[in-house]
Amino acid sequence: VAVSVGIGGGGELERIEIDLLLEGVYRHYGIDFRGYALGSLKRRLARRMREEGTPTLSALQAKVLHEPEAMERLLVALSISVTSMFRDPGFYQAFREKVVPLLRTYPFIRLWNAGCATGEETFSLAIVLAEEKLLDRTRIYATDFNAGVVDRARAGEFPLARMKNYTENYLSAGGKKEFSSYYTTDGGVARFTPTLLENVVFAKHNLVSDGSFNEFHGIMCRNVLIYFGRTLQERVHTLFHDSLVNFGVLGLGHKETIRFTALEHCYEAIDGRQKLYRRVA
Amino acid sequence: MVVVIGASWGGLYALMDLLGALPVDFPAPIVVVQHRSADTDDSRLAKVLGRYSALPVMDSEDKALLEPSHVYLGPAGYHVLVDHDHLTLSVDDLVQYSRPSIDVLFESAADTLGSQAIAVLLTGFGHDGAAGLAKVREAGGATIVQEPATAMQASMPQAGIDAGGAIEVMPLEKIARRLIELCRTPA
């Protein structure tokens with residue numbers, strides 16, 4: 001029997017295996033990674049292959065479909081990314097100086113921290129709003145598609161070793177207090193004051209497959225969309241646009257922009273460098 | 001064609017020379033990873049290099065379309081990947097102790113561009129870029145390594161040669177001319 005291989009060679013086969021794995025995960029577990037940006041996805045899958053001891057993507061697929069624990073590990077690998085409190089201090093400074101005055105004009109404020117992961121961003125926002133005396137009339141909806149990381153975020157516990165870096169970030173972001181007044185220490189853990197979370201609702205929400213669930217005065221989604229392919233990114237931007245009040249604020253990651261999307265004309269920059277935009281259409 | 005360049009220790013000066021020797025109508029986009037510290041949250045590197053180059057130099061933004069005669073830098077704290085005609089970013093773990101990492105850039109170019117990739121590995125310390133350079137070569141792309149003896153730091157280009165990815169090895173001052181030739185050769 002003669003078998004001929006498509007002209008794409010190894011690269012094409014890899015692509016087929018990735019597509020089949022993602023299709024299998026979607027159909028069996030209902031979680032859709034098919035629109036993710038391929039480059040980073042490949043690197044994350046290659047790492048799963050190494051750590052699961054599977055020689056091929058097809059073998060990883062079999063393991064993930066037959067062993068829910070392997071799927072859980074894949075889920076974590078595809079959902080966690082590096083983050084820190086007051087990451088990009090300039091962003092939080094601009095938020096304090098330029099967004100807070102806008103938010104003050106509302107009697108009650110709804111914010112959405114989309115893709116909150118382990119909660120570093122959520123706590124940073126809550127701290128700024130508390131210092132600006134806005135937290136008591138704000139509700140922050142902090143969501144992630146991975147229920148496990150949402151639980152971690154809700155616990156409000158972070159490694160004490162990170163606090164030095166977070167304190168520096170906090171101070172250069174214009175923080176007004178002793179950063180250590182926001183947490184108590186317990187062994188190697190910094191436990192953040194539960195009052196910061198009094199108006200925070202943590203929930204599971206998948207940007208890929210779930211719809212709009214409220215109307216917001218501000219949406220923060222930082223370094224999440226970089227993992228999405230262009231088509232999926234467009235769709236999520238439509239979701240954000242549909243979920244923002246007119247003049248609602250959109251905050252993106254430092255190197256993300258709405259410039260390359262179809263909704264570019266619907267926003268004006270509040271601070272272009274810090275990627276803070278306002279919906280105007 | 002897309003040119004991808006990796007540099008580490010001593011890379012700033014090498015890049016000033018290399019980018020400075022390219023004409024304003026250089027026909028391909030150029031994506032550069034220069035190892036940099038994660039908290040340089042500013043665009044100083046782009047400004048400095050822009051002063052030495054006829055080409056516009058900028059930090060990469062996610063999903064930016066690649067345009068000929070433009071230089072895109074891997075931003076501090078982000079990996080930069082080429083995806084056919086555009087760039088994507090990631091904040092995943094460090095690779096080869098670096099983010100941005102040269103291997104991440106080169107491997108993405110090998111994956112999505114194949115023979116349309118031209119990879120250049122310059123001066124530096126360590127091994128970043130060696131594996132990626134080999135992948136570009138394997139995928140049918142062109143690869144150039146700065147002659148280690150002429151590099152401010154020889155170990156990174158030497159690692160690139162040792163890993164088998166170097167098709168051509170030459171001193172820095174010859175690389176610009178070679179890039180122009182490679183880009184003008186019809187595919």
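Here are some conditions: (1) surrounded by fewer than 21 Cβ atoms within 10 Å (Cβ to Cβ); (2) in contact (Cβ under 8 Å) with a residue 40 or more places away in the chain. A:Gly211 meets all but one. Which one does it not meet? With (1) surrounded by fewer than 21 Cβ atoms within 10 Å (Cβ to Cβ); (2) in contact (Cβ under 8 Å) with a residue 40 or more places away in the chain applied to A:Gly211, the lone miss is (2). Against the condition over 24 Å from A:Gly119 (Cα atoms), acidic (Asp, Glu) and either within 12 Å of chain B (Cβ to nearest Cβ) or within 16 Å of the chain's Cα centre (by Cα) (or both), how does A:Glu234 come out, does it pass? Here the answer is yes, as A:Glu234 does meet what is asked.
If you check A:Tyr277 against the conditions, is it away from chain B (no Cβ under 11 Å), in contact with an Asp or Glu (Cβ under 8 Å, 6 or more places away or on another chain), within 20 Å of A:Ala94 (Cβ to Cβ) and among the hydroxyl-bearing types (Ser, Thr, Tyr)? Quick ask: steps written out before the conclusion?
Details: away from chain B (no Cβ under 11 Å): yes; in contact with an Asp or Glu (Cβ under 8 Å, 6 or more places away or on another chain): yes; within 20 Å of A:Ala94 (Cβ to Cβ): yes; among the hydroxyl-bearing types (Ser, Thr, Tyr): yes.
Yes, satisfied.
What are the residues in the range B:32-63 that are out of contact with any Lys or Arg (no Cβ under 8 Å at 6 or more places or on another chain), within 12 Å of chain A (Cβ to nearest Cβ) and assigned to a loop (DSSP other than H, G, I, E, B), if any? Listed by number, the residues that qualify are B:Asp39, B:Thr40, B:Asp41, B:Asp42, B:Ser43.
For the range B:152-169, the criterion of being hydroxyl-bearing (Ser, Thr, Tyr) and without any contact (Cβ under 8 Å) to a residue 24 or more places away in the chain is met by none of the residues.
Matching residues to (1) within 20 Å of the chain's Cα centre (by Cα); (2) outside any strand (DSSP E or B); (3) modelled with pLDDT of 95 or more; (4) over 30 Å from A:Pro107 (Cβ atoms):
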site	(1), (2), (3), (4)
A:Ile127	yes, yes, yes, no
A:Ala130	no, yes, yes, no
A:Thr143	yes, no, yes, no
A:Phe158	yes, no, yes, yes
A:Lys164	no, yes, yes, yes
A:Thr167	no, yes, yes, yes
A:Thr184	no, no, yes, yes
A:Asn214	yes, yes, yes, no
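Hey, can you tell me all the residues within the range B:130-147 that are among the small types (Gly, Ala, Ser) and surrounded by fewer than 24 Cβ atoms within 10 Å (Cβ to Cβ)? Within the range B:130-147, B:Ala131, B:Ala134, B:Ala139, B:Gly140, B:Ala142 qualify. For the range A:237-253, the condition holds for no residue, the condition being that it is surrounded by 15 or more Cβ atoms within 10 Å (Cβ to Cβ), modelled with pLDDT under 95, within 12 Å of another protein chain (Cβ to nearest Cβ) and more than 17 Å from A:Glu121 (Cβ to Cβ).
Before we move on, is A:Glu256 without any contact (Cβ under 8 Å) to a residue 60 or more places away in the chain, assigned to a helix (DSSP H, G or I), within 12 Å of chain B (Cβ to nearest Cβ) and among the charged types (D, E, K, R)? Let's see the steps before the verdict.
Numbers: without any contact (Cβ under 8 Å) to a residue 60 or more places away in the chain: yes; assigned to a helix (DSSP H, G or I): no; within 12 Å of chain B (Cβ to nearest Cβ): yes; among the charged types (D, E, K, R): yes.
No: the conditions fail for A:Glu256.
Only helices (runs of 4 or more DSSP H) whose full extent lies in the range B:72-175 are considered here, and the ones with at least 2 residues that are touching a Lys or Arg at 6+ places or on another chain (Cβ under 6 Å) and within 12 Å of another protein chain (Cβ to nearest Cβ) are B:102-113.
Taking (1) farther than 18 Å from B:Ser108 by Cα; (2) among the hydrophobic types (A, V, I, L, M, F, W, C); (3) within 13 Å of chain B (Cβ to nearest Cβ) in turn, A:Ala46 satisfies each apart from (1).
The values are calculated or read from the model by the stated rules, or taken from the named source; none is laboratory data. Computed from a predicted model, the values in this text were never measured in an experiment. Using ideal geometry, Cβ is built from the backbone for each residue, glycine included, and neighbour counts are taken over all protein chains shown.
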